[in-house]
1. Condition first: more than 20 Å from the chain's Cα centre (by Cα) and among the charged types (D, E, K, R). Now tell me which residues in segment 99-154 satisfy that.
2. Say whether the condition of being in contact with a Cys (Cβ under 6 Å, 6 or more places away or on another chain) and modelled with pLDDT of 95 or more is met by at least one residue in segment 100-109.
3. Condition test on Lys351, is it in contact with a helix residue (DSSP H, G or I) (Cβ under 9 Å, 6 or more places away or on another chain), in a helix (DSSP H, G or I) and among the basic types (Lys, Arg)?
4. Hey, can you tell me all the residues within segment 150-162 that are outside any loop (DSSP other than H, G, I, E, B), open to solvent by 10 Å² or more (accessible area, probe 1.4 Å) and among the aliphatic types (A, V, I, L, M)?
5. Scan segment 276-293 residue by residue and report those that are open to solvent by less than 40 Å² (accessible area, probe 1.4 Å) and either closer than 27 Å to Arg88 by Cβ or without any contact (Cβ under 8 Å) to a residue 60 or more places away in the chain (or both).
6. For Thr201, which of the numbered conditions (1) in a loop (DSSP other than H, G, I, E, B); (2) at pLDDT 95 or above fails to hold?
7. Can you find a residue in segment 186-207 that is free of Cβ contacts under 8 Å to residues at least 40 places away in the same chain and over 24 Å from Gly294 (Cα atoms)?
8. Out of segment 112-149, which residues are among the aliphatic types (A, V, I, L, M), touching a Phe, Trp or Tyr at 6+ places or on another chain (Cβ under 8 Å) and open to solvent by less than 20 Å² (accessible area, probe 1.4 Å)?
Amino acid sequence: MNLQPQVLSRDCTFSLPHTPSFNLSTEIPPSSNLTFGSSLHQRPLSLPHKLNHAPSASPAKRGVLQLVAAYSRDRESAPESPAKALRRILDLPGVHQAPACFDALSARLVERAGFQCCFTSGFSISAARLGLPDTGLISYGEMVDQGQQITQAVSIPVIGDGDNGYGNAMNVKRTVKGYIKAGFAGILLEDQVSPKACGHTKGRKVVSREEAVIRIRAAVDARKESGSDIVIVARTDSRQAVSLDEALWRSRAFSDAGADVLFIDALTSKEEMKAFCGISSPVPKMANMLEGGGKTPILNPLELEDVGYKLVAYPLSLIGVSIQAMQEALAGIRGGRIPPPGSMPSFEEVKEILGFNNYYDEEKRYSASITPLSSERLTSNVYSLQRRVKDDAERKDQSPQDPIVEVITPDVYNNYGADGSKGSFSGIWSRTLRVKITGRDGFEKLDVRIPAGFLDGITNIVPALGGVNIKELLNEAADEMGGKVLLDFNDTIGDRIQVFLE
């Protein structure tokens, strides 16, 4: 049964299938919280735990309240999704910084530095993964694969760069659903034509207004169809391609289509940034602080908050300093030097960053203690060893007589009574069984000595001894000294089998 809240207020109307709509009007104290919908601007709906027991409540009303209470308990006990975590962050006061990562390691460093969320940068991923410029060369599949590695490496929410959705509206839907499955908390979609490129480079072109809005509508539909709450960040590049007025119009249309965050790339002044933040309130606005010479003025977080921004991305900081650091290190190595200690972390610090210490601690939970070898394993290994030696001798024709393999009793025999603590039979551990097999052609097939105590595994050496009570024969011969023949018979294929107690 689907419970569809239509109004979020003290007068809350619910519509149930095959049930007339009715109104629940009641005083709602601050008890358990229940939030419906996916909008960033909705507030929790609180319901009293005992409201469904109110004498005046009809059976239908009590049933609805019970459904609401159960839904609330399920939501409270479920782990927080990445999208929900991101929405919670965006509901917090202040501007939120989100450095752009490009692989799992850079994302982990962002998290270790204390940031609450991060972006993936298509510019940086194209550089790091392909060594190519951000000109539409990287594919949807490569971006999803890289994104999944990133989201699995961190616990903070990650907003994925979805470029222009990699095609028409149907491609946009597939992109959104793929990013949801990859674990992204949000997806950034833009209105550039294909092939797209960095918004601060020359020659930017955008699709028509209609197609741009359809892309956002398709993204919203994909979110609903997936049962997800992924945050949709709608970006327009029309400031450079057309005009500021066009960029403002598209941003308003994106908000009306269901976008959660708005972003105009490559604004050229603080005044343009203020004009952007003044539209479609209270939908959060995103700024892009392109480091090293972009078109947008670089403002500090307090200035950005004062302008009206809620989210700020730093797309090139990590990839930029990585490039320079690698260039400097390579220049030093080429000159016969290694990077000085202050220019790189120690090996111990590297291991800590990558999680070696955590791995070692967790590994201890699954370490297995060393257990003694069983008689079956030992005799099986002895037989295999003897056969290998015999086969080698036959191939090399080094001797007309097969070698005799001596088995040395290991220290673990004490665990089986070699110390004489297991009764009269334990003395048999000091004796040796010699098993000899002579083929019907007169040639020896096997001649092996094993500890007399390993009775359980003797059939692994000679299956024909299965069913023979060797232990009883040993008991009878326990007090006799040396060379007694315990068994001497021919098996079903004509081989002579002899067992001696030595």
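The values are calculated or read from the model by the stated rules, or taken from the named source; none is laboratory data. Computed from a prediction, not measured in an experiment: that's the story for all the values here. Neighbour counts are summed over all protein chains in view; Cβ atoms, including those assigned to glycine, are modelled from backbone coordinates with ideal geometry. Accessible surface areas use protein heavy atoms only, side chains included; no ligands, DNA or RNA. Shrake-Rupley method; radii C 1.70, N 1.55, O 1.52, S 1.80 Å.
1. The one that is more than 20 Å from the chain's Cα centre (by Cα) and among the charged types (D, E, K, R): Asp134.
2. Yes, because at least one residue in segment 100-109 is in contact with a Cys (Cβ under 6 Å, 6 or more places away or on another chain) and modelled with pLDDT of 95 or more.
3. Values: in contact with a helix residue (DSSP H, G or I) (Cβ under 9 Å, 6 or more places away or on another chain): yes; in a helix (DSSP H, G or I): yes; among the basic types (Lys, Arg): yes.
In short, yes.
4. Taking segment 150-162 and keeping what is outside any loop (DSSP other than H, G, I, E, B), we get 150-153, 158-161.
Filter once more, keeping what is open to solvent by 10 Å² or more (accessible area, probe 1.4 Å): 151-153, 161.
Within segment 150-162, just Ala153 meets the criteria.
5. Residues of segment 276-293 that are open to solvent by less than 40 Å² (accessible area, probe 1.4 Å), as a first pass: 276-277, 279-280, 283-290.
Answer for segment 276-293, where residues must be open to solvent by less than 40 Å² (accessible area, probe 1.4 Å) and either closer than 27 Å to Arg88 by Cβ or without any contact (Cβ under 8 Å) to a residue 60 or more places away in the chain (or both): Phe276, Cys277, Ile279, Ser280, Val283, Pro284, Lys285, Met286, Ala287, Asn288, Met289.
6. Every listed condition holds for Thr201 apart from (2).
7. no
8. The first filter runs over segment 112-149 and keeps only residues among the aliphatic types (A, V, I, L, M), leaving 113, 125, 127-128, 130, 132, 137-138, 143-144.
Then drop every residue that is not touching a Phe, Trp or Tyr at 6+ places or on another chain (Cβ under 8 Å), which leaves 125, 127-128, 144.
Scanning segment 112-149 gives a single hit, Ile125.
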